[in-house]
Structures are given as C-alpha cells and as structure tokens.
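The values are calculated or read from the model by the stated rules, or taken from the named source; none is laboratory data. Nothing here was measured: the structure is a model prediction, and the numbers come from that model. So basically every Cβ, Gly included, is an ideal-geometry build from the backbone, and we count neighbours across all protein chains shown. Side chains included, ligands, DNA and RNA excluded: accessible areas come from the protein's heavy atoms. Shrake-Rupley method; radii C 1.70, N 1.55, O 1.52, S 1.80 Å.
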Amino acid sequence: MPVPPFDRRRFLQTSAATLGALALPSAMSALPRFASGVRRRNVPSTDLWVDVLPHESIAPITGNHYGHFIEHLGGVIYDGIWVGERSKIPNIGGIRKSLVDDLRVLTPGVIRWPGGCFADSYDWKDGIGPRPKRPSRLNYWSSALPNSVTGPARYEDNQFGTPEFMQLCKMVGAQPYLAVNARSATALDFAQWVEYCNAPRGTTTLAKQREADGVPEPYNVRYWGIGNEPWGCGGRLRPEEYAEEYRRFSAWVPWFPPKSELPRDQEAVMPRLIAGGPEGTDYEWTQKFLAVMDRSHVRLPYGLSIHDYFDHDDDVFSFNASGWYTMLLQPQLFADILQRHAAAVDQGVKAVNWPRPVTLILDEWGPCYHSTGLGDPSHLLEQVPTMRDALLSSLMFDLFHAHADVLSMTTVAQSVNCLQSLFLTSGEKYTKTPVYHAFALYQPHIGGTSVRTVASSDRISYADEKDPHVTRAIDGVSASATRHTSADGAGHIVVTVTNPRMDQPASATVSLRGVTIASGEVTQLAHGDPHAHNTFEAPETVRLSETKPLALSSSTPSGMFTLTLPPASITRIICKLGR
Ligand code: AHR
C-alpha cells in the first residue's frame with residue numbers, strides 16, 4: 001500500500017501540541033574553507049589534493065561524535081528495535097538481535113532516547129515495572145499517522161521503557177543519553193528519573209524498583225537533555241522563558257557518583273546536562289539563554305543542543321544532478337552555521353564569566369525528503385537511503401572532525417526506519433543501508449585525534465534545482481584525517497576522502513606532511529549508480545569494497561600517494577607510519 005506523503009515540517013507547524021518547526025535558511029554562503037598557510041592549487045577539473053597536517057591537532061574523536069538517536073516515532077522503536085521476547089525474529093530480551101550485532105561494530109558512544117518531540121509528552125514511569133502491567137497512551141506522533149494504523153505507533157504500550165533502553169545501550173556498548181520531558185512533566189519527575197537510574201543499590205524506593213526490574217546496580221547515566229526543541233514542540237518558549245525552565249530543572253539534580261569514581265575531579269563524574277539550543281540560525285537565542293543564567297545559582301549546561309535537518313522537496317530515488325548536488329551542498333552550508341553557533345556560545349559564556357566551555361551537541365541531523373519508505377504506513381518519516389545519503393554522511397563526518405574542538409557529540413536522526421537510517425526493517429526483514437556503510441567506513445577514526453586536513457579541487461558547477469538558469473557550485477572534494485598513536489610509537493593515520501562528482505572519477509593525491517608511510521590499506525564505498533540503495537530483497541547492492549593494500553610509489557615522497565576515486569564515492573586509507 002503506498003504511504004501517503006507526510007511532511008514533517010508541516011506536521012510540526014500545525015500539530016496541536018506543536019507550535020513550532022525547524023527550518024534552515026535556504027542559502028547561506030560558506031566561510032572560506034581553505035586554511036591560511038596552505039595554498040589552493042589550480043588543478044585540472046577531475047584532480048584533487050588532500051594535505052594532511054598530522055602535527056596540527058584539532059581534538060580527540062570519540063564514539064560520541066558517532067552517536068545515535070531513537071524516538072518513539074513510527075517504526076523506530078516498535079519493529080525497528082523492539083520485537084518482543086516471544087517474537088520469532090531473533091532477539092535478545094525482546095531487542096532485535098541483528099541490529100544489536102551490527103550496531104555494536106560501529107562502537108557508538110551514545111544513544112539518545114526517547115525523543116525528539118515524543119520526549120516532551122512522555123512519562124518515564126510508564127516504562128518501568130512488569131511489561132504486561134504498563135499503561136497504553138496515545139503517542140505524540142499519532143495524528144500524523146494514516147487512520148488505518150493502530151498498534152504501538154499510535155497507542156504507545158510502553159513495552160520498551162527505561163530498562164529495555166538501558167539493555168540496548170549495554171549490548172552495543174554505548175552510553176545512554178536521556179531526553180527529559182521539560183514541557184509537560186516536572187523537575188521532580190526529572191529528579192526521580194535520575195534517582196531510578198543512578199541511586200546505589202538498595203538505597204531508595206526507586207533504586208529498589210530498578211532492582212525489581214532486574215537491574216540492582218545503578219546505570220550511572222551521565223547525559224541528560226532538558227527538553228527538546230524548546231522553541232517548537234518543547235513548548236514554543238522564548239529563550240528567556242526556557243532559561244527559567246532550565247534553571248528550575250537544573251537547580252538540584254540528585255547526584256550519585258559511581259563508587260569507583262568518588263570525586264577527586266567532581267566534573268569528571270557529575271551529570272552532564274544538555275540544554276535546548278536555538279532553531280536553525282537563531283544565534284540570538286543562545287546569547288539570550290546564557291544571559292539569563294545567574295552564575296551563582298546555576299550550573300551552565302555541559303552542552304547546547306542544535307538540530308539540523310536538510311529539508312528537500314526532492315524524491316528519495318528519482319533525483320537528477322541538481323537534486324544530488326543540492327543535497328550535498330548542505331554540509332558546506334552547515335559548516336558556516338556551526339561556526340556561528342560556536343561563536344555565539346563562546347560570547348555568551350564569556351559574558352557570564354563562566355570558567356568552562358559549553359560545547360555544541362548536534363543531537364539530530366539528517367536529510368528529510370518527500371518520504372519514500374518501504375511501504376509500511378506505520379513507519380512515519382521512513383526513507384530508503386541511497387548513495388546520496390551515504391555521501392551526505394561522509395561530508396558531515398568530515399565536518400564533525402574539523403570542528404571537534406567545539407562539537408563534542410552528534411546523534412543521527414534516526415538509526416532505524418526513519419530519515420537518515422542505518423537500518424530498515426519490516427517484521428523479519430532487515431537490511432543495512434548505504435548510511436550504515438558510511439558509518440562503518442569512518443569507524444576507525446574513533447579513538448584518534450582529528451588533525452588539520454586541507455582538501456583542494458575545482459568546485460563543481462550545477463544548475464539550481466528550481467531555476468535552471470542559475471548556476472551553483474559545491475566544493476569538489478571533502479576529506480578528514482585522524483592520528484592514532486600506538487605502543488611502539490609509530491602509530492597510524494586514517495584518511496577519508498569523498499569524491500562528490502556524480503558521474504566523474506577523480507585522481508587524488510594525498511600528502512601526509514612530515515611523516516613516512518610504511519604501508520597502507522584502502523577501502524571504498526562506491527556504486528556505479530548514485531541512486532543505488534539496499535532493499536530487503538537485495539541487501540548487498542551497496543556495500544564496502546574489499547580492503548586492498550595501498551600502492552606506494554618509490555618515485556613520490558614517502559608520505560604521499562595517488563589514488564583513483566570512482567564517481568560518487570567515499571574512500572578510506574589507513575596508513576601505518578614508519579619510524
Ligand atoms: O526526528 C523527527 C523530529 O524532528 C523530532 O522528534 C524533533 O525533535 C524534530 O523536529
């Protein structure tokens with residue numbers, strides 16, 4: 001049955017409970033991307049250069065830069081993750097086993113849950129205790145569903161609650177990041193959720209409840225988001241109003257440091273509160289929010305949440321060159337937006353004389369097309385990611401690396417059956433998407449230090465989507481690199497390079513400045529058709545290439561090599577360094 005088109009923007013604008021929507025300006029010019037001191041070369045159109053500067057560190061890259069977001073929305077939780085213990089679908093305690101196995105490989109640092117907009121209508125107490133006794137509630141997203149849909153997408157039956165979410169995190173090795181209801185619940189509810197999660201065994205009633213739910217020892221949850229999109233579905237608040245709410249919620253948070261980490265450095269074990277940041281490019285929000293903070297009474301948040309959706313009127317599959325490049329331009333525009341958010345935070349923090357930085361948390365990002373899912377009408381906002389979305393991911397990852405000094409966490413929206421999914425499911429059917437493979441390709445960056453990388457190439461021109469007489473352009477290459485040390489002192493460098501040309505290969509010369517490459521290996525994500533995607537019937541259409549040895553030429557300097565990049569491709573090179 002065809003799924004009626006669902007417009008996320010329109011829903012968020014018109015939903016009774018939701019009075020706002022996220023929108024980004026359509027055209028903002030990117031700041032110059034070429035760092036001073038490295039000259040941009042005049043190169044033939046299909047050639048590109050990548051200069052890696054291993055001694056110019058930006059910041060460590062952690063699993064938190066590759067986090068996940070799962071919401072009680074459409075088919076994300078029910079079907080995507082939770083199949084139930086009695087299901088014939090292989091599961092671990094009710095959680096889909098294949099997803100756990102595949103997600104664990106990516107070593108995500110955090111998973112954000114339960115929303116999104118859903119979080120601000122959620123009572124966490126509905127999701128604890130014996131599952132058969134848990135209540136059923138109307139889901140926040142129910143009015144966006146076609147009438148024919150019943151079941152948990154509409155009537156949330158709370159089979160997946162805090163214990164189940166924690167189990168998922170444990171199985172994949174990620175930290176939980178809980179989004180607190182700050183619109184329709186109270187600061188006491190928040191404090192009690194912290195108590196349920198973190199109070200030591202046998203101490204409080206809620207600690208005993210957790211034990212009755214099968215988990216005697218505390219979860220030690222550190223990341224707590226105070227509301228979601230407070231300017232929109234989180235209450236349509238002005239920054240000053242949200243600051244008051246944040247102040248109330250954060251004035252007293254029960255603190256149960258893990259025994260093993262009793263504080264020398266209290267900051268290292270304190271809960272990390274994440275405040276709702278501005279919509280789109282409303283940089284003034286940040287200043288106004290921070291200005292209300294009174295340093296003597298309030299802890300400034302650990303981080304400020306921002307969201308970035310690339311809304312696109314295009315269809316998921318049937319795009320032309322304009323559609324391809326218009327989407328791939330978005331990360332370049334976002335680089336500018338990110339820098340401006342960072343500057344706004346910095347100014348705001350200095351203005352209240354706060355001694356520690358407040359970091360940026362991009363806890364929702366992804367493209368939003370006119371939904372083309374796999375046909376299950378309950379899977380709201382489901383899209384089938386193509387190679388275009390894999391490249392969108394790699395361009396975003398490069399940006400995360402370049403700005404890791406101000407951006408400490410990102411969580412993709414959303415991991416399964418929704419927007420920028422890594423997985424698609426339908427009952428027993430399951431596939432990984434091209435986005436999954438982009439995450440897999442970048443996984444070896446985790447644990448390294450991002451180093452300055454300057455990529456240069458001619459820009460690629462294309463006709464504007466709406467007005468073919470207008471010519472636009474995007475950067476002809478994106479790249480990033482991380483340096484990793486090893487016990488023997490030599491270490492290795494991971495480089496990733498994206499060729500965004502829809503139909504042209506490129507010759508790439510990569511130079512690792514000041515080091516010697518002993519050996520290397522190359523892995524690629526490419527497909528002859530940029531529209532290529534995986535389906536249940538053909539789950540291997542898009543997948544990583546075999547890893548091959550890097551060919552090093554004796555005639556080029558010892559830190560340099562040349563590769564051919566297929567059209568619309570992402571290439572990872574891991575170079576073991578000589579001593
Ligand atoms: O990811 C879907 C929705 O988009 C989230 O619930 C909300 O935070 C955002 O507007």
Would you call residue 391 closer than 30 Å to residue 285 by Cβ and open to solvent by less than 10 Å² (accessible area, probe 1.4 Å)? no
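Results for (1) in contact with an Asp or Glu (Cβ under 8 Å, 6 or more places away or on another chain); (2) in a helix (DSSP H, G or I); (3) acidic (Asp, Glu), shown as yes or no for each residue.
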| position | (1), (2), (3) |
| --- | --- |
| 115 | yes, no, no |
| 119 | yes, yes, no |
| 129 | yes, no, no |
| 135 | yes, no, no |
| 142 | no, yes, no |
| 148 | no, no, no |
| 151 | no, no, no |
Return yes when residue 372 is more than 15 Å from the ligand (Cβ to nearest atom), open to solvent by 10 Å² or more (accessible area, probe 1.4 Å) and within 17 Å of residue 531 (Cβ to Cβ) and no when it is not. yes
Residue check for residue 92: touching a residue at least 40 places away in the same chain (Cβ under 8 Å), away from the ligand (no atom under 16 Å from the Cβ) and β-branched (Val, Ile, Thr): yes
Just wondering, is there one or more residues in segment 558-571 that are part of a strand (DSSP E or B), open to solvent by less than 60 Å² (accessible area, probe 1.4 Å) and not hydrophobic (A, V, I, L, M, F, W, C)? yes
For the condition closer than 16 Å to residue 242 by Cα, open to solvent by 10 Å² or more (accessible area, probe 1.4 Å) and assigned by TED's automatic domain parsing to the domain that holds residue 361, what is the one hit in 272, 299, 264? 299
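Please tell me if residue 493 is more than 24 Å from residue 403 (Cα to Cα), of a type in the set (Val, Ile, Thr) and surrounded by 15 or more Cβ atoms within 10 Å (Cβ to Cβ).
no
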Please enumerate the residues belonging to segment 162-198 that are open to solvent by less than 40 Å² (accessible area, probe 1.4 Å) and polar (S, T, N, Q). 162, 181, 198
When (1) in a helix (DSSP H, G or I); (2) in contact with a helix residue (DSSP H, G or I) (Cβ under 6 Å, 6 or more places away or on another chain) are applied to residue 246, the one that fails is (2)
State yes or no: is residue 281 in a helix (DSSP H, G or I), farther than 23 Å from residue 165 by Cβ and β-branched (Val, Ile, Thr)? no
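Please specify each residue of segment 103-113 satisfying the condition of being in a helix (DSSP H, G or I) and crowded, with 18+ Cβ neighbours inside 10 Å. Explain how you work it out, then say what you get.
Here is the first cut: in segment 103-113, the ones in a helix (DSSP H, G or I) are 103-105.
Listed by number, the list holds a single entry, 103.
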Pairs, please: C-beta under 6 Å, at least 6 apart or cross-chain, first residue closer than 14 Å to residue 334 by Cβ and in segment 402-423, second away from the ligand (no atom under 16 Å from the Cβ) and open to solvent by 10 Å² or more (accessible area, probe 1.4 Å)? 406/342
Take the conditions of a type in the set (Asp, Glu), out of contact with any Asp or Glu (no Cβ under 9 Å at 6 or more places or on another chain), crowded, with 24+ Cβ neighbours inside 10 Å and closer than 28 Å to residue 533 by Cα and apply them to residue 315. Does it pass? no
Limited to segment 336-362, what total is found for residues that are open to solvent by less than 10 Å² (accessible area, probe 1.4 Å) and either closer than 14 Å to residue 404 by Cα or outside any helix (DSSP H, G or I) (or both)? 5
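This table checks each residue for (1) open to solvent by 30 Å² or more (accessible area, probe 1.4 Å); (2) closer than 30 Å to residue 490 by Cα; (3) modelled with pLDDT of 65 or more.
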| residue | (1), (2), (3) |
| --- | --- |
| 23 | yes, no, no |
| 30 | yes, no, no |
| 47 | yes, no, yes |
| 50 | no, yes, yes |
| 68 | no, no, yes |
| 84 | no, no, yes |
| 93 | yes, no, yes |
Within segment 318-331, can you find the residues that are touching a strand residue (DSSP E or B) at 6+ places or on another chain (Cβ under 6 Å) and either among the polar types (S, T, N, Q) or open to solvent by 40 Å² or more (accessible area, probe 1.4 Å) (or both)? 321, 322, 330
For residue 201, which of the numbered conditions (1) assigned to a helix (DSSP H, G or I); (2) exposed (fewer than 15 other Cβ atoms within 10 Å of the Cβ); (3) not polar (S, T, N, Q) fails to hold? (1)
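Tell me which residues, restricted to segment 412-444, are in contact with a helix residue (DSSP H, G or I) (Cβ under 9 Å, 6 or more places away or on another chain) and within 16 Å of the ligand (Cβ to nearest atom).
Hits for segment 412-444 are 412, 415, 416, 419, 420, 421, 422, 423, 435.
The rows are residues; the columns are (1) touching a strand residue (DSSP E or B) at 6+ places or on another chain (Cβ under 9 Å); (2) without any contact (Cβ under 8 Å) to a residue 12 or more places away in the chain; (3) in a loop (DSSP other than H, G, I, E, B); (4) surrounded by 20 or more Cβ atoms within 10 Å (Cβ to Cβ).
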residue: 473; (1), (2), (3), (4): yes, no, no, no
residue: 483; (1), (2), (3), (4): yes, no, no, yes
residue: 487; (1), (2), (3), (4): no, yes, yes, no
residue: 498; (1), (2), (3), (4): yes, no, no, yes
residue: 501; (1), (2), (3), (4): yes, no, yes, yes
residue: 509; (1), (2), (3), (4): yes, no, no, no
residue: 518; (1), (2), (3), (4): yes, no, no, no
residue: 523; (1), (2), (3), (4): yes, no, no, no
residue: 530; (1), (2), (3), (4): yes, no, yes, yes
Taking segment 440-465 and keeping only residues that are in contact with a Lys or Arg (Cβ under 8 Å, 6 or more places away or on another chain) and assigned to a helix (DSSP H, G or I), one is left with 441, 442, 444
So residue 219 clears everything in (1) out of contact with any Cys (no Cβ under 6 Å at 6 or more places or on another chain); (2) open to solvent by 40 Å² or more (accessible area, probe 1.4 Å); (3) not acidic (Asp, Glu) except one condition, right? Which one? (1)
